[in-house]
């Protein structure tokens, strides 16, 4: 266990440090609070033994500041001038034990062992709670993300996810703003269902050209149209026995909507150029960030298809409606990107969390994820500070609010562009190093540079 001893009496400090080292603890010592905080910033301390009377600041104030910045570190308080009032204040501030000088070293060793067991139990509890995740570790591994939340709205989402997964053929409609995690919920439904050993396929309806829609979803027969040089299975056949996730279902063209309704009702399809029909066994999970009912009213979406999709709805709340989850998500993303980017971020300053909670996050969890990744790329130390959140401070100064959906797309693209630009600068415009820093392939970086319209001048370029 890593133990910090903060005491201005050198003789006592050295004696206690020697004793702790002899009991197989890694001991760090400091005579002043400023030295102690330098150690806390640079070493993973488990326990701090703090004197109450110190130069620079009172030991109780040291305890309060330490608990604010490093809440997982436990503390034992010691003093040569003990009184009951000090004991009560120390315990209220988060101390786990209190000793009056002089004391027997074996007594404090007993307290340290109890503290060690407490820390171990605490860590096990956090593991068992899976970092505030609402799902099992197995499901988390399958969908690629933990449902981190303490919010009642998200707990309802997960309960609905479990419930509908048992109804193997029920069509599900997932609604929610961009970046809320609709595909994750779809994957959760799939891996909780009897179809979990079959594939789940995701199709974004907005990315398929209108002239290819029918061929992409229903397949085609060789020679049925120009360039149809082979028979081709459509998405419904490819996903047979599994799950088909249809993102942006509102973009489904009017001419295809009756055929989709037929598939949902009868589970029958026919390829382009064929007259015979084939039976399929596929579960459809659709998603949209539009108000489908309004589209029905405006005659842009068939009412019968809407009611067929609307049989079971899961609505994912935007991040601004569950701001109590922001600190939990920040902690998760900091750990995630610290590992991916090979950084050792120990904590996030308190005012950063306060500013993040103030922000409305039009891009939701996806936007928060990009902000944290961007900040970690910028951070050269081990503490995330407000100056590392360049885009956040810009948005807050300008009073940026989520008013129109089009701004969401622009917002996320800007974050990605900014992140890539910062990575290029960090790597001195070396593409290979930039790709490594961003944890993507060189080919993926080239695609992103083209997409974000980022040009590297010859004077900057290096391999």
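Based on the alpha-carbon set only, what is the convex hull volume of region 137-315 divided per residue, in Å³?
Convex hull of Cα atoms, per residue: 121 Å³.
Order these by the 10 Å Cβ neighbour count, fewest first: 333, 312.
312, 333
Arrange the following residues from fewest to most other Cβ atoms within 10 Å of their Cβ: 236, 225.
Ranking 236, 225 by Cβ neighbours within 10 Å, fewest first, gives 225, 236.
Compute the angle between helix 442-451 and the longest alpha-carbon principal axis of the chain, please, reported from 0 to 90 degrees and rounded to the nearest 10.
On a 0 to 90 degree scale, this one is about 70.
As I understand it, the value is the acute angle between the Cα axis of helix 257-266 and the longest principal axis of the Cα atoms of the chain; what does it come to in degrees, rounded to 10?
So the helix axis and the longest Cα principal axis differ by about 80 degrees.
Got a sec? How would 297, 180, 27 order by Cβ neighbour count within 10 Å, fewest to most?
Taking fewest neighbouring Cβ atoms as first place, the list is 297, 27, 180.
When DSSP assigns beta bridges and you keep just the ones with both residues in the chain, what percent turn out antiparallel, to the nearest 5?
Rounded to the nearest five, the antiparallel share is 10 percent.
Over the chain, what relative contact order in percent results from Cα pairs under 8 Å that are six or more residues apart?
Once normalised by length, the contact order is 11 percent.
With angles folded into 0 to 90 degrees, how steeply does helix 364-378 sit against the dominant principal axis of the chain? Use alpha carbons for both and round to 10.
50 degrees
Tell me what the chain gives for mean residue ellipticity at 222 nm when only DSSP H runs of n ≥ 4 count, each as -39,500 (n - 2.57), the sum divided by the residue total, rounded to 500 deg cm²/dmol.
Counting only the DSSP helices, I get -14500 deg cm²/dmol.
For the peptides 32-40, 185-193, what is the packing order when you average, over each peptide's residues, the other Cβ atoms within 10 Å and list the highest mean first?
Output ranking for 32-40, 185-193: 185-193, 32-40.
Any read-out appearing in this document is the output of simple, stated calculations on the displayed coordinates, not a laboratory observation. Being a predicted model, the structure only gives us computed values, none of them experimental. As a convention, Cβ positions derive from the backbone with ideal geometry for all residues, glycine included, and neighbour counts pool all protein chains shown.
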